Structure formats: structure tokens, C-alpha cells
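Notes follow once the structure below has been shown.
The values are calculated or read from the model by the stated rules, or taken from the named source; none is laboratory data. Since the model is a prediction, treat every value here as computed from it, not as a measurement. When we count neighbours, we look across all protein chains shown, and the Cβ atoms used for this are built from the backbone with ideal geometry, even at glycine. The accessibility values were calculated without ligands, DNA or RNA, using every heavy atom of the protein model including side chains. Shrake-Rupley method; radii C 1.70, N 1.55, O 1.52, S 1.80 Å.
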There are 2 protein chains.
Amino acid sequence: MKTDSALAALAALAQETRLAIFQLLVRYEPEGLTVGEIAQHLDLAPATLSFHLKTLTQAGLVSSEQDGRHIHCRAQIEAVQALGQFLTMDCCKGQPERCKPASSSARRSKAA
Amino acid sequence: MKTDSALAALAALAQETRLAIFQLLVRYEPEGLTVGEIAQHLDLAPATLSFHLKTLTQAGLVSSEQDGRHIHCRAQIEAVQALGQFLTMDCCKGQPERCKPASSSARRSKAA
DNA sequence: CTATTATTTCTACAATTCTGGAATAATAGA
DNA sequence: TCTATTATTCCAGAATTGTAGAAATAATAG
């Protein structure tokens with residue numbers, strides 16, 4: 001993942017309405033929802049929803065597919081995971097163990 | 001993590017300069033860098049850097065500590081991890097296996 | 001082909017955000 | 001105390017973004 005893609009994904013999610021759309025779609029994985037269903041769930045004006053959906057799609061966070069008269073949308077969970085990896089990728093100049101000694105195994109203190 | 005915190009973290013990272021600052025700090029974990037060092041690395045005007053650092057700090061992505069005349073900054077890697085979890089948390093209404101059949105078991109297989 | 005439903009594009013305006021010069025504050029040393 | 005160094009706040013202009021009404025486009029059924 002490149003910086004530009006990460007920036008696009010972050011910018012896409014860094015907005016209340018779009019975050020709500022994305023989370024709604026995450027919740028409805030793996031079936032997804034149509035544009036109209038999203039509009040109903042979140043009570044959004046068609047133009048507003050379309051605008052945000054476009055942003056999310058361009059950022060690779062939502063995929064859409066024509067399904068008859070409807071357009072079916074799905075959250076791309078993998079994009080979020082790629083984003084997380086991108087953000088911590090050069091951690092400690094390639095030695096992530098140095099800064100996160102307890103990251104790979106939940107040993108003590110916090111039980112998640 | 002609440003929606004507001006997630007939104008703040010996403011908005012903080014969704015900006016070219018701030019993303020650069022954060023990634024620089026990630027790279028310099030666990031020692032961190034002073035504000036002045038960050039300014040040198042990225043060639044930023046003091047006011048600009050201060051503005052962005054404040055945003056990152058308020059979002060919980062950077063911690064800072066007074067160190068004599070300097071202020072020492074460190075990236076909070078954990079915040080990114082929390083963000084990733086937040087974004088996919090209600091995936092498939094609590095049954096993440098449904099949409100990501102290979103996600104939770106992939107942990108062990110990726111050992112280089 | 002026509003009517004109906006679903007979604008997008010056009011358009012404009014309000015609100016927010018980014019940037020950097022100058023002034024200010026805080027710390028350390030002489 | 002005074003001075004040099006480091007970092008922040010104040011300020012204002014420029015640029016970007018979010019919203020939604022109205023019109024246009026796309027797809028299907030009859």
C-alpha cells in the first residue's frame with residue numbers, strides 16, 4: 001500500500017457520515033446492502049449518500065456491484081487491515097519487537 | 001474505543017503532513033524524536049508542526065513528554081491497533097468468521 | 001416504447017481545515 | 001537578572017470539503 005492510498009482510505013473514514021456507512025456495511029457483511037437500504041438505515045439524502053459512497057469506493061473501502069435495479073455495496077474489510085499494516089510497517093526501522101515486546105502474545109495485564 | 005475517538009484518530013492521520021509526522025515517529029520508535037528534530041526531518045514551519053502535533057496528540061496517536069528544553073514525542077502504535085479493531089468490530093454482527101474465514105487463524109501461519 | 005424505481009451528476013453555499021509570520025511562553029545556562 | 005534556545009499560540013487568508021435540491025441518467029417490468 002502506498003501513502004496516497006492510505007491517505008485516501010483514512011480521509012474516507014475520517015468523516016462521520018462515511019464512517020457510519022462503512023460500519024453499517026461491516027455489520028452487514030458478507031451480504032452487504034443496496035444503496036437504497038443504506039439510505040434508509042442512515043436517513044441520508046440520495047445525493048449525499050452517493051457522494052460519500054463514491055469517496056469510499058474510490059478509496060477501496062467499499063465495493064459495489066449492479067444487482068438488477070439495485071447497486072449492492074460491501075465493506076472491504078481487508079482494506080482496513082492493509083491500512084493498519086501500512087501505518088505500523090516501518091516500526092522501529094524494521095524491528096517491531098523493540099517497541100511492541102508484548103504485541104504478538106497477550107501475556108499479562110490486559111485481557112482483551 | 002468510541003466513534004468520536006476513532007473519528008479523531010482517522011482525521012488526524014488523514015492528512016499528508018500529519019501522516020508523515022506519525023510515520024516518522026513510528027520509524028523512530030521506541031526512542032522518539034523531539035519537536036525540533038521532527039521539524040528538521042520534514043522541513044516544517046514551527047507553527048505548522050505545532051498545529052499538527054497537537055492534533056495527533058489530542059487524537060491519542062502521539063505522546064509527548066517534556067525533556068529539559070525539548071519535548072519528546074513518541075508514536076502510540078497501540079492506538080492504531082485499537083483503531084483497526086474498532087473498524088471491524090461488529091463485522092458480520094459478531095460472527096467475523098462469516099466474512100473473514102481465514103483472518104483469525106492467519107496469525108500463526110505468518111511467522112517468517 | 002413507456003412508466004417506474006434507483007442512483008448519479010450538477011450546482012451552489014456554508015463550514016472546516018491548513019498554513020506560516022509574528023508574538024509569546026517556558027527552560028537552561030552565564 | 002539577561003540571553004539564547006525551543007516550542008506554542010494568535011491571527012488571517014486560501015483551499016478543501018460536506019450537504020442537499022433539482023435535473024439527468026440507468027435499469028427493469030409491463
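So which of B:Lys2/B:Lys54; A:Lys2/A:Lys93; B:Lys2/B:Lys93; A:Lys2/B:Lys93; A:Lys2/B:Lys54 end up more than 28 Å apart by C-alpha? Could you put the intermediate results ahead of the total?
On the way: B:Lys2/B:Lys54 20 Å; A:Lys2/A:Lys93 17 Å; B:Lys2/B:Lys93 17 Å; A:Lys2/B:Lys93 31 Å; A:Lys2/B:Lys54 25 Å.
Violating the 28 Å Cα-Cα cut-off are A:Lys2/B:Lys93.
Report the net charge of residues surrounding A:Leu7, where surrounding means a beta-carbon distance below 14 angstrom and charges are Lys +1, Arg +1, Asp -1, Glu -1.
On the way: positive: A:Lys2, B:Arg18; negative: A:Asp4, B:Glu16.
Once positives and negatives cancel, what remains is 0.
To the nearest 10 square angstrom, how much accessible area does B:Asp67 have with a 1.4 angstrom probe?
Solvent-accessible area, nearest 10 Å²: 80 Å².
Once you average over the residues of A:75-83, how many Cβ atoms of partner chains fall within 10 Å of each Cβ?
Details: counts 5, 0, 8, 3, 1, 7, 6, 0, 6.
Taking the mean over all residues of the peptide, I get 4.
For the pair A and B, how large is the buried accessible area, both sides, in square angstrom to the nearest 100, if the probe is 1.4 Å? Numbers along the way, then the final one.
Numbers: alone 8090 and 8050 Å², together 13110 Å².
The A and B chains share an interface burying roughly 3000 Å².
Does any residue of the range A:1-33 lose at least 50 Å² of accessible area with all protein chains in place compared with its chain alone, and if so which ones (probe 1.4 Å)?
Listed by number, the residues meeting the 50 Å² cut-off are A:Leu7, A:Leu10, A:Ala14, A:Leu19, A:Gln23, A:Val26, A:Arg27.
Alpha carbon centre of the range B:34-62 versus the range A:1-36: separation in Å?
So the separation of the two Cα centres works out to 28 Å.
Once you put a point 7 Å from the Cα of A:Leu42 and another 7 Å from the Cα of B:Gln40, both along the Cβ direction, what distance in nm separates them?
4.5 nm
Is the range A:3-98 rounded, prolate or oblate when judged by the Cα gyration tensor, a ≥ b ≥ c being the square roots of its eigenvalues, rounded requiring a/c under 1.5 and prolate requiring a/b larger than b/c? Each step should come with its number before you reach the end.
Working: a/c = 2.70, a/b = 2.25, b/c = 1.20.
Verdict is prolate for the range A:3-98.
At a Förster radius of 35 Å, what calculated FRET efficiency corresponds to the Cβ-Cβ distance of A:Glu31 and B:Phe51, to the nearest 0.05? Numbers along the way, then the final one.
Numbers: r = 43 Å, r/R0 = 1.23.
My answer for the efficiency is 0.20.
Given all pairs of different Cα atoms, what value in angstroms does the Kirkwood hydrodynamic radius of the range B:1-52 take?
Details: mean 1/r = 0.0850 Å⁻¹.
Value: 11.8 Å, from the Cα pair sum.
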